[in-house]
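What follows is a single structure, written as structure tokens, with notes after it.
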Amino acid sequence: MTDPTTDNAGLIKTAGDPRASLESLRAEIAKAVVGQDPAVTGLVVALLCRGHVLLEGVPGVAKTLLVRALASALELDTKRVQFTPDLMPSDITGSLVYDTRSAEFSFQAGPVFTNLLLADEINRTPPKTQSSLLEAMEERQVTVDGTPRPLPEPFLVAATQNPVEYEGTYPLPEAQLDRFLLKLTIPLPSRENEIDVLTRHASGFDPRDLRAAGIRPVAGPADLEAARAAVAGTTVSPEITAYVVDICRATRESPSLTMGVSPRGATALLSTARAWAWLTGRDYVIPDDVKALALPTLRHRVQLRPEAEMEGVTADSVINAVLAHVPVPR
């Protein structure tokens, strides 16, 4: 591993080693967010795969802080939109505004024109506004008045939703859920981690001031681009490809599900497994990489039967059963 260097802008990184730069994100974000390494890794995997993330957790588990800390550590622009029932699509994408001085309409960009968009409580806004994100997520552009406008690169939507309060919400339809590469669950912290959180706050930690918390950029867009090129060169054997297909086909045959994983989901699992293999230091994918990313990649792409849900069956338990049943290639 090469020595860290600091450029004129104060960016601290490991020269010529994008993997080491991205690995250092965990330590940097841990200065503000305690005990959420899996979520940090998931967000990095999504950035490597050019995907988007659905964050699910009860209020107060640092979902917003996590995205802000990631943006600071990667030196990326971030914006936050609080989704409410009266939010309009133009509030996200932007709109044409009439300029009385020039007597012309000019485009005023909305908050979607950023690198990391935090869509807070996305299930609290009507489907019309939810769908305004679809073009941005899939095409990485916004079309207003017939004119397509490209979004910045990199671009990631991190949408949050509350898993316990459904009154007055608009659940995301399956077609839109399938657009998210990963669904990450943000758990409540352990007792030790919660003590650490309170100790930091008692010592003066302010979650609104990340610079005071000591978070500095440890990687940047150039590191992400180099990492994406390296991930694209990660080898996938025919046996691994068949393993991914067998897992996804097995979900379609599960008696607990009304809908299994689509071919898009299989493609997503292969992509995330490649990114994880590269992050762990290999240029080839093994079955353990597929298993490691199966839950976050597939849990939102399956639909439980009502009777199975009443019996306490969960999407995670079904996927775990599939992983235990499908033969692992040697």
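The values are calculated or read from the model by the stated rules, or taken from the named source; none is laboratory data. This one's a predicted model, so the numbers in the text were calculated from it and none came from an experiment. Neighbour counts run over all protein chains shown; Cβ positions are idealised from the backbone, glycine included. When the accessible area is computed, the model is the full protein with side chains, heavy atoms only, and any ligands, DNA or RNA have been set aside. Shrake-Rupley method; radii C 1.70, N 1.55, O 1.52, S 1.80 Å.
The lone criterion from (1) among the aromatic types (Phe, Trp, Tyr); (2) in contact with a strand residue (DSSP E or B) (Cβ under 8 Å, 6 or more places away or on another chain); (3) closer than 30 Å to THR258 by Cβ left unmet by PHE107 is number (3).
When LYS128, LYS63 are checked against the criterion of being more than 30 Å from ALA227 (Cβ to Cβ) and in contact (Cβ under 8 Å) with a residue 24 or more places away in the chain, a single residue qualifies: LYS128. Of the helices (runs of 4 or more DSSP H) lying entirely inside region 267-330, those carrying at least 1 residues that are within 19 Å of the chain's Cα centre (by Cα) are 287-298, 315-325. Among residues of region 44-60 being open to solvent by 10 Å² or more (accessible area, probe 1.4 Å), touching a Pro at 6+ places or on another chain (Cβ under 8 Å) and not acidic (Asp, Glu), the one that is modelled with the highest pLDDT is ARG50. When GLY146 is tested against (1) more than 23 Å from PRO59 (Cβ to Cβ); (2) touching a Phe, Trp or Tyr at 6+ places or on another chain (Cβ under 8 Å), exactly one condition is not met: (2). In region 235-253, the residues that are small (Gly, Ala, Ser) reach residues that are open to solvent by less than 40 Å² (accessible area, probe 1.4 Å) and part of a helix (DSSP H, G or I) with C-beta atoms within less than 7 angstrom, at least six apart or across chains, in these pairs: ALA250/VAL322.
All told, THR100 falls short of being within 25 Å of SER21 (Cβ to Cβ), out of contact with any helix residue (DSSP H, G or I) (no Cβ under 8 Å at 6 or more places or on another chain) and either touching a residue at least 40 places away in the same chain (Cβ under 8 Å) or open to solvent by 40 Å² or more (accessible area, probe 1.4 Å) (or both). Quick check on region 131-142. Is at least one of its residues open to solvent by 10 Å² or more (accessible area, probe 1.4 Å), over 30 Å from ASP223 (Cβ atoms) and acidic (Asp, Glu)? Scanning region 131-142 turns up no residue that is open to solvent by 10 Å² or more (accessible area, probe 1.4 Å), over 30 Å from ASP223 (Cβ atoms) and acidic (Asp, Glu).
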